[in-house]
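For reference, the structure discussed in these notes is given below.
The values are calculated or read from the model by the stated rules, or taken from the named source; none is laboratory data. On a predicted model such as this, the values are computed, not experimentally measured, just so you know. For neighbour counting, all protein chains shown are included, and Cβ atoms are generated from backbone atoms with ideal geometry for every residue, glycine included.
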Amino acid sequence: MASTTHMLRRTITWVVVLTLAFPAHILAQVANGITIDTKAMSLGGAVVSDTDPHLAAVYHNPAGLAKLKEMQFEVDQMIIGLDLDATYYADDDYRLFGLEGNGFNTYDPSVPRDPVIGGDGIGQSHTGKASVYIPGFGLQQMPWSGPTPLPFQIGFSVNPPGSKFTFGNKNYMHSAGNFFKNARDDGRFLAKEAALQRYTYFSPAVGYEISDEWSVGMGVQLSHQGFYIAQNNRAPNLLIAVIEILQDAFACEFDKPIGKRRDPLQPFLSMCQGNIGPWDDIGRIDIDMQETLSPTYNFGVLWTPSEWFSWGASYMSGSEMELKGTFLMDYTDEWTAFWQGFNASIIGAITAAILGLPRGVPRESGHITMDFETPQMFKTGMSIGLTPSFTLSMDATWTDWSVWEEFEFNFDRRLEMLSTARLLSTFVTDTSLRLPVGLKDTWHYGFGLTHHINSRLDIRYGLELRKSPADRDVFGPVPIGDMKTWGIGFGYKWDKQTQVSSSIFYMQSTDYIPSNTSCNLNCTNLTNVIYNPYAGLDVKFSTRIFGLGVSFRRQF
């Protein structure tokens, strides 16, 4: 029997070594669920088979609650920082619909035609400003640039004397992608302010110890879902390019004596009262939506046949909801002036009436809704005692990202922003906009190594490899690619009833999207009018996320 056990342990160990040595398909994935608890941060998230009790089991695997005895109370504090960079490149022959992108504005020869790349063919975007979406108050910018503390996470569990049931609850930040950019940042056309945040208020769960080897558990999560985006808009499409070509042909110039631009074909046709083109700002849109109570559920199983081996698995459901909120579209003076002048001319008024072109209102606002679904997840993993001093844990997580095939925004009124776009795209109507996202399901992997220094102190190391659900042809709305996460931390038993732990982690992703690769970012197709702000440019993204976690747990 001892020989069989030794052979089994040796076989599993070699499988683990070979998996780590040849990770051909093991890459990384968009950040989700990285701030649940301190221990998981340091172990690459590989805790679904953890037999050392912790209250974050309500999320990772509720069957683990059965290992918690008597009464437990825990407080976690997370501090998160981010560093988001993007660089935009243009070739010397950068052209868009026949217009020279490296040229200068007809109205003002000192202003580059494309302000993102300026006169040197390169643009930069950077932000380290985090934010938080507070239910009832919306997106709140932090007053500083740098690491930001998240709300305290408080958990507790109760195991009645002699009972095989353990009840637990914890609040936590399930996922957050929140940031602010400066007003003139070159990345302002790809979300200047954004939040896609899910915060779990309550997660009541129960674990049941079937036997010494098996336990099961299930729980319910009650969460808030926030969705906020504010960005400057520009329209590098054929229709707007034609207008700029006509303005160049008409030699629209500012006439000082009359105090406005000269319109040579007035009153028949006005093309000169506002400067618009494929690289000019149209205006800014703000969308703020939320769901105050979004439920999900999870269940799990844990098997511990020996002291050196355990296996666990858990499933968390998705959640379908209708996000509701408000929008504001604030148009630039140039955009408004052009369409007001165009509609004031004879030919312009007839054309606008036939095609439903913009009238030139300065702003539009109203209510907006969107059907939204959080993806379901499945996790499985094992823990192996390689030696008395080292334990290796491994997790594999499947996420149903394909539910984000597209985002459809429904407005309560006709928008001028959409009336132009609908002429060239089947994704647009007068009152709705469909944004193709095209994500795909992914598997990502976590590896953790625990060094048991002595009976009181553990040192933890972790690596998590996440593959991005966004292919290159839809890269843009989710501008985060394959990511690697490194973690390190410790757990210390202060006394029989008290444990403290701390960890740090670092995530990194770098992606290069050549021109005409993603039609959500930089294509030059004639009908690409939905979300394509950097048409014709090469774009490089660099994303870095880092964090610190501290945890205190007390048994009563």
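Check Ser294, Ser306 and return the single one that is hydroxyl-bearing (Ser, Thr, Tyr) and over 30 Å from Ser432 (Cα atoms).
So the residue among Ser294, Ser306 that is hydroxyl-bearing (Ser, Thr, Tyr) and over 30 Å from Ser432 (Cα atoms) is Ser306.
Could you list, ordered by first residue, the pairs with Cβ atoms under 7 Å in which the first is in the stretch 172-190 and closer than 25 Å to Pro149 by Cα and touching a residue at least 12 places away in the same chain (Cβ under 8 Å) and the second is among the aromatic types (Phe, Trp, Tyr) and surrounded by fewer than 22 Cβ atoms within 10 Å (Cβ to Cβ), at least 6 apart or interchain?
Short answer, once both residue conditions are applied: Met173/Tyr199; His174/Tyr199.
Step by step: first the residues of the stretch 440-482, then only those that are polar (S, T, N, Q) and either outside any loop (DSSP other than H, G, I, E, B) or under 30 Å from the mean Cα position of the chain (by Cα) (or both), then the one that is surrounded by the fewest Cβ atoms within 10 Å (Cβ to Cβ). Which residue is that?
Thr442
Could you list, ordered by first residue, the pairs with Cβ atoms under 7 Å in which the first is in the stretch 464-481 and under 27 Å from Gly448 (Cα atoms) and at pLDDT below 70 and the second is part of a loop (DSSP other than H, G, I, E, B) and not polar (S, T, N, Q), at least 6 apart or interchain?
Between residues of the stretch 464-481 that are under 27 Å from Gly448 (Cα atoms) and at pLDDT below 70 and residues that are part of a loop (DSSP other than H, G, I, E, B) and not polar (S, T, N, Q), the close pairs are Ile480/Val30; Ile480/Ala31.
Would you check if there is a residue in the stretch 191-202 being touching a helix residue (DSSP H, G or I) at 6+ places or on another chain (Cβ under 8 Å), within 27 Å of Ile36 (Cα to Cα) and buried (at least 23 other Cβ atoms within 10 Å of the Cβ)?
Within the stretch 191-202, none of the residues are touching a helix residue (DSSP H, G or I) at 6+ places or on another chain (Cβ under 8 Å), within 27 Å of Ile36 (Cα to Cα) and buried (at least 23 other Cβ atoms within 10 Å of the Cβ).
Go through (1) buried (at least 20 other Cβ atoms within 10 Å of the Cβ); (2) of a type in the set (Gly, Ala, Ser); (3) part of a loop (DSSP other than H, G, I, E, B); (4) over 20 Å from the mean Cα position of the chain (by Cα) one by one and return the number of the condition Gly491 breaks.
Going through the list (1) buried (at least 20 other Cβ atoms within 10 Å of the Cβ); (2) of a type in the set (Gly, Ala, Ser); (3) part of a loop (DSSP other than H, G, I, E, B); (4) over 20 Å from the mean Cα position of the chain (by Cα), Gly491 breaks only (3).
Among the residues of the stretch 306-316, count how many are at pLDDT 95 or above and outside any strand (DSSP E or B).
So the answer is 0.
If you check Ala195, Ala230, which single one turns out to be within 28 Å of Gly360 (Cβ to Cβ), touching a strand residue (DSSP E or B) at 6+ places or on another chain (Cβ under 8 Å) and touching a residue at least 40 places away in the same chain (Cβ under 8 Å)?
Numbers: Ala195 fails: within 28 Å of Gly360 (Cβ to Cβ).
After ruling out the rest, the residue left standing is Ala230.
Conditions first: (1) within 27 Å of Leu415 (Cα to Cα); (2) of a type outside the set (A, V, I, L, M, F, W, C); (3) within 27 Å of the chain's Cα centre (by Cα). Gly300 passes all but one, so which condition is the exception?
(1)
Considering only the stretch 67-83, I want to know if a residue exists there that is in a helix (DSSP H, G or I), touching a Ser or Thr at 6+ places or on another chain (Cβ under 8 Å) and at pLDDT 90 or above.
Within the stretch 67-83, one or more residues are in a helix (DSSP H, G or I), touching a Ser or Thr at 6+ places or on another chain (Cβ under 8 Å) and at pLDDT 90 or above.
Quick grid of which residues meet (1) part of a helix (DSSP H, G or I); (2) in contact with a His (Cβ under 7 Å, 6 or more places away or on another chain); (3) surrounded by 15 or more Cβ atoms within 10 Å (Cβ to Cβ):
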site: Phe338; (1), (2), (3): yes, no, yes
site: Phe342; (1), (2), (3): yes, no, yes
site: Gly348; (1), (2), (3): yes, no, yes
site: Ala352; (1), (2), (3): yes, no, yes
site: Val361; (1), (2), (3): no, no, no
site: Met370; (1), (2), (3): no, no, yes
site: Gly381; (1), (2), (3): no, no, yes
site: Gly385; (1), (2), (3): no, no, yes
site: Trp398; (1), (2), (3): no, no, yes
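Take the residues in the stretch 133-185 that are charged (D, E, K, R) and surrounded by 14 or more Cβ atoms within 10 Å (Cβ to Cβ), then tell me which one is nearest to Gly219 (Cα to Cα).
Once the filter is applied, the top-ranked residue is Lys170.
For the stretch 134-159, give me the residue count where each residue is hydroxyl-bearing (Ser, Thr, Tyr) and either in a loop (DSSP other than H, G, I, E, B) or at pLDDT below 85 (or both).
2
Scan the stretch 508-556 residue by residue and report those that are modelled with pLDDT of 85 or more, under 16 Å from the mean Cα position of the chain (by Cα) and more than 30 Å from Trp494 (Cα to Cα).
Gln508, Ser509, Thr510, Asp511, Phe541, Ser542, Thr543, Arg544, Ile545
Only one of Asp330, Asp281 is assigned to a strand (DSSP E or B), acidic (Asp, Glu) and over 23 Å from the mean Cα position of the chain (by Cα). Can you tell me which?
Numbers: Asp281 fails: assigned to a strand (DSSP E or B).
Step by step, each of Asp330, Asp281 is checked, and only Asp330 is assigned to a strand (DSSP E or B), acidic (Asp, Glu) and over 23 Å from the mean Cα position of the chain (by Cα).
Of the numbered conditions (1) in contact (Cβ under 8 Å) with a residue 60 or more places away in the chain; (2) part of a loop (DSSP other than H, G, I, E, B), Gly162 fails exactly one; give the number of that condition.
Here Gly162 meets the rest and fails (1).
Could you go through the stretch 191-201 and let me know if any residue there is among the β-branched types (Val, Ile, Thr), more than 17 Å from Met71 (Cα to Cα) and part of a strand (DSSP E or B).
For the stretch 191-201, residues among the β-branched types (Val, Ile, Thr), more than 17 Å from Met71 (Cα to Cα) and part of a strand (DSSP E or B): present.
Which of the following residues is among the hydroxyl-bearing types (Ser, Thr, Tyr) and either buried (at least 24 other Cβ atoms within 10 Å of the Cβ) or over 30 Å from Gly101 (Cα atoms) (or both): Thr485, Thr543, Thr510?
Every option except Thr485 fails the conditions.
Can you pull out the residues in the stretch 189-204 that are small (Gly, Ala, Ser) and within 11 Å of the chain's Cα centre (by Cα)?
Ala194, Ala195
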